[in-house]
Amino acid sequence: MTIAEFFGRFHPLLVHLPIGILLFAFGLMIYGKIRKVEVGTAVTLAWLTGAVAALLSCGAGWLLAHSDDYEAEAVQVHQWTGLATTALSFLAYAFANYRWLLALVTVILLTITGHYGGNLTHGEGYLSFSNRSTEASDTTAVVIAPEVVKQDSSVAANQPQVRRTFLYRDQVVPILEKNCYSCHSAKKKKGGLRLDNEALIQKGGKNGSVLVAGNPQKSKLFSYLLLPHDDEMHMPPKGKRQLTSQEVAILHHWIAKGASFKEEVEVVHNQVLSAVEALPILPLTLPNLVADSAISLQKETSALVSVETSILAKPTDAPTASTVAYFQQQQVTLTPVQQGTGYVAANFVNVKAYQPSMLKELSRVQGQLVRLRLSNQPVRDDELKPLSALTNLNRLNLENTQITDAALVELKQLPKLEQLNLYGTAVTDEGIQKLATYPQLKVVYLWKTKVTPQGIERLKRAKPTLKIEDGQQRFTLPDTNKTTKTQS
Amino acid sequence: MTPHHDEPFRLHTPEFSGLNQQLDRRDFLKRTASGLGALALGSLLGTPSFGATPILPKAKRVVYLFMAGGPSQFETFDYKPKLQSMLGAALPDSVRKGQRLTGMSANQASLPIAPSVYGFKQHGSTRTWVSELLPYTAQVVDELCLIKSVYTEQINHDPAITFFQTGHQLPGRPSIGSWVSYGLGSENQNLPAFIVLVSKDASKDQPLYARLWGNGFLPSEYQGVQFRSGKDPVLFLNNPEGYDGTDREQMLGYLSQLNRLQNDAWSDPEVNARIAQYEMAYRMQTSVPEVMDTSQEPDEVFDLYGPGSRDKGSYAANCLLARKLLEKDVRFVQLYHQGWDHHGSLPKSMAKQCKQIDQATAGLLIDLKRRGLLEDTLVVWGGEFGRTVYSQGKLAANDYGRDHHPRCFTMWMAGAGVKSGFSYGQTDDFSYNIVKDPVHVHDFQATLLHLMGVDHEQLIYKYQGRRFRLTDVHGKLVKGILS
């Protein structure tokens, strides 16, 4: 950054001085008129101060406009109205006789200048009412919706069908528009980067390309989104609206698929494209995509690594006060998973008289329950049915309960379950093989069960990514004279 | 009464001011008393959070194994092979750089370098160097996150241990466990959130005092409660002789009514603390004997923790007890093991000390792991400072002592939220100065709070006209060790 740029960046700060002072001067004139008090000297001084402040911000603005970040045309109107405002405010100071007229024009010009300046900083349409309320579309799973060219509805199932997707136009552009254009488009091109059309995205910014088709990790357009929030390079910068995990996932998907700017046409053979099946629902488990990014990304990305994080990223309402009170009365401790979130963990550690009905009541928090601890309670298989409605359940503690293999069939329904504690239960080799079909399961505890090493071996083969804690680690007794080797 | 006593709690963040308006004070107390901590409440009522990004807590519980006296890093984890050839050589001034020494060795004619008499070997898949004095810990080294570059500002026991526990060298501030219990509350309504266990088998060369687990200026229900090994694990908890306790509940009901009347008149938080403590004590009459009873544990568990674990009150038995408390979701368990202050005949005493703690510590890790508790429990091991590379007193081939050394020493963490099989920080060849990634005591404290989901700059208590934090005005999160 050059010195000129440095001072230029004070412009957004400085402009508030003339705005405030000039409005104050005008207000003071009105006040004096209405209350019939003598304000002449104060008004003169205020006009002078305001005019000088306006001059200073013009100077800073000039420097800012000549940095690379702005398009010259976009700045034009703002620049000339700004200069006019400054000139008029000096006149209003100098010619006390015409002050009322001059003041009125100055204030009008000031407002116009401010508006154009605001557009430059925050992006066009910042003040308009429309287009802004479309944000409420954070759905659970993102459907990258390809248009299925509907053929005759009676078409036989085996006929090839055509599937069209235009990811760039339909999914990517709206994200860029919403999150990036305010700094990276025609009006303003921070870091020399514009994202408002294909050629410019390909071109990249001052520091080179931002998009490597097929490789999201190498594409800054994606990887910068994953940097820790306090990282200087994190995008969007601190304080701006952040991308939702779905939006991040869409960008990843698009880049990974080759970052095409065209419509894709695909012929699908031998497949029934029913309305539902036609839409490949992205498994929006950020973790999947971040897990591999994390390796290549030098910087820490742990904030995004678990399914849990992606659950928490989606806002939810907190349980109502009456729900909290209900569980309290049942001795079930309900705590938020983290500060400021509506997602909760339920803990049965205080429960003295467990009733199966208590599990049914968990439906009161069915979308919000992320962790459930039923440890040491006499829970039986058939009582677990209500659990399958807990769509966001991520960790489940069933250790030392009375469940058996049958429970593992039931729990298969949980789409987000990552950790399952089964130690001290009667599950067997046969039963645990079902764990291989759990979509997200990462860790399972099997100490003190009827499971044998052979059963674990089988499960490992079926689901190699699963971490299995069998509790078999034993010490080798140390020889008092020599140090021992570890077993692991 | 000063007006701040009327504020229900003092986490001065916008989300709480909203909460303050929603609830009157009585309402708030009723809810917190039933186990929801201050943070818990704020978010349960759906008040949106502003400002700092909320931290996802990795650790729900902490067990802090405090090695009081300052264990030597040379005979445990900080392997310094180059010293072997320097036996008896004077510590170069270029290394010491005029560092102050304690009165115990400042007047020594020379400062002869004393290499460790104990050997080191590499262990685990990470090939981490561990002393032969810790053969069991060596077997779980893949679980540990060693921090070899901790440093403190204090050179004597009392200020150093107080500094570690409270963030300040002078007595009077709340202990870490009290801060955590104040900030997060407890999920278990029948046991205190902060429980302290002191080894009876350690040599008591330096004293411990109850203020180390005291609540300082926080309301007194947040103080650490010491569980003892004798007939009365918690003093004054049992019914007095000749009283059967049948009308205890009724009695407490009346008492709390009286206390509430008092409270309406005075609004002193200590009255509420008293109400909460009476109620807690009543519940503990059944919960404590239950949790202290290890007779149901199978032999295999005692074998895991080692021979000492059958001897109630020993370090090993306390480790086993700690596991039971953590299983019950007690928020913060702190063990103290004294006897690490080896100014003389260090090799002999060190061997004895290490033997007392080695197997039980490793056993605790294994036990937590197989029960699934290690994933959300943070285990911390360490003393208040390290020891010098030079011998205090006469240096013989197999006998030496080491003085206090605040400028670098080793601690470790394991479990929730920290990298496993990882070493952080580095000391010079004399383990005298830190050459890479220093971790100040306040940094350690900030990191511990972060792992529990608390921003150390937000957990504030206003007292005597100023705002207090565990980390005072310091503390940087040690990002390098977070998993």
Peptide B:134-140 - average C-beta neighbours from other chains (10 Å radius): 5
Going from the fewest other Cβ atoms within 10 Å to the most, one would list A:47, A:80 as A:80, A:47
At a Cα cut-off below 16 Å, give the aspartates and glutamates reachable from residue A:262, other chains included and same-chain residues fewer than 8 away excluded. A:147, A:170, A:196, A:198
Going through the stretch A:1-107, which trypsin sites (Lys or Arg not before Pro) have at most 13 other Cβ atoms within 10 Å and a DSSP loop state? A:36
Using the alpha-carbon centroid of each, what span in Å lies between the stretch A:237-258 and the stretch A:410-479? 34 Å
How big is the gap, in Å, between the Cα center of the stretch B:90-115 and the Cα center of the stretch B:245-282? 57 Å
Taking 0.36 nm per residue of separation and subtracting the Cα-Cα distance, what length does fully extending residue B:100 through residue B:153 add? 18.0 nm
Hypothetical label at residue B:462: residues of the stretch B:210-252 whose amide nitrogen lies under 16 Å (7 Å Cα-Cβ projection): B:218-219
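Can you bin the stretch B:78-163 into rounded, prolate or oblate? Criterion: square roots of the alpha carbon gyration tensor eigenvalues sorted a ≥ b ≥ c, rounded for a/c under 1.5, prolate for a/b above b/c, oblate for the rest.
On the way: a/c = 2.55, a/b = 1.46, b/c = 1.75.
Cα axes put the stretch B:78-163 in the oblate bin.
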What's the center-to-center distance, using Cα atoms, between the stretch A:40-79 and the stretch B:188-223 in Å? 63 Å
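How long is the gain from residue A:77 to residue A:105 if the chain were fully straight, where each residue apart is worth 0.36 nm and the alpha carbon distance is subtracted?
8.4 nm
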Measuring from label point to label point, each 7 Å out along Cα→Cβ, what is the residue A:361 to residue B:84 span in nm? 6.6 nm
At what distance in nm do the modelled label points of residue B:297 and residue A:55 sit from each other, each positioned 7 Å from its Cα along Cα→Cβ? 8.2 nm
From fewest to most C-beta neighbours within 10 Å, the residues A:180, B:319, B:145 line up as A:180, B:145, B:319
What per residue convex hull volume, in Å³, comes out for the stretch B:382-453 when only alpha-carbon positions are used? 112 Å³
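Here are some pairs, B:148/B:419; B:60/B:328; A:450/B:58; B:80/B:148; which of them have Cα atoms lying more than 20 Å apart in this structure? Write out the running numbers ahead of the final one.
On the way: B:148/B:419 14 Å; B:60/B:328 12 Å; A:450/B:58 31 Å; B:80/B:148 12 Å.
In this structure, A:450/B:58 lie more than 20 Å apart at Cα.
For a footprinting-style exposure proxy, rank A:16, A:234 by other Cβ within 10 Å, fewest first. Mind dumping the intermediate values first?
Working: A:16 12, A:234 16.
Ranked by crowding around the Cβ, least crowded first: A:16, A:234.
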Once label points are set 7 Å from the Cα along Cα→Cβ at both residue A:317 and residue B:476, what is their separation, rounded to one decimal in nm? 4.5 nm
First measure r as the distance between the Cβ atoms of residue B:237 and residue A:224, then evaluate 1/(1 + (r/R0)^6) with R0 = 45 Å and state the FRET efficiency to the nearest 0.05. 0.20
Note: probe point = Cα of residue B:394 + 7 Å toward Cβ; backbone nitrogen < 15 Å; residues of the stretch B:324-347 passing the test are B:344-346
Residue pairs, from the table A:240/B:462; A:360/A:442; B:312/B:352; A:240/A:314, whose Cα atoms sit over 22 Å apart: A:240/B:462; A:360/A:442
Taking 51 Å as R0, compute the FRET efficiency from the Cβ-Cβ separation of residue B:205 and residue A:3 and round it to 0.05. 0.20
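Read-outs throughout are calculated quantities, based only on the coordinates presented, and are distinct from any laboratory measurement. What you are looking at is a predicted structure, and each value in this text was computed from that prediction instead of being measured. Cβ: placed from backbone, ideal geometry, glycine included. Neighbour counts: every protein chain shown.
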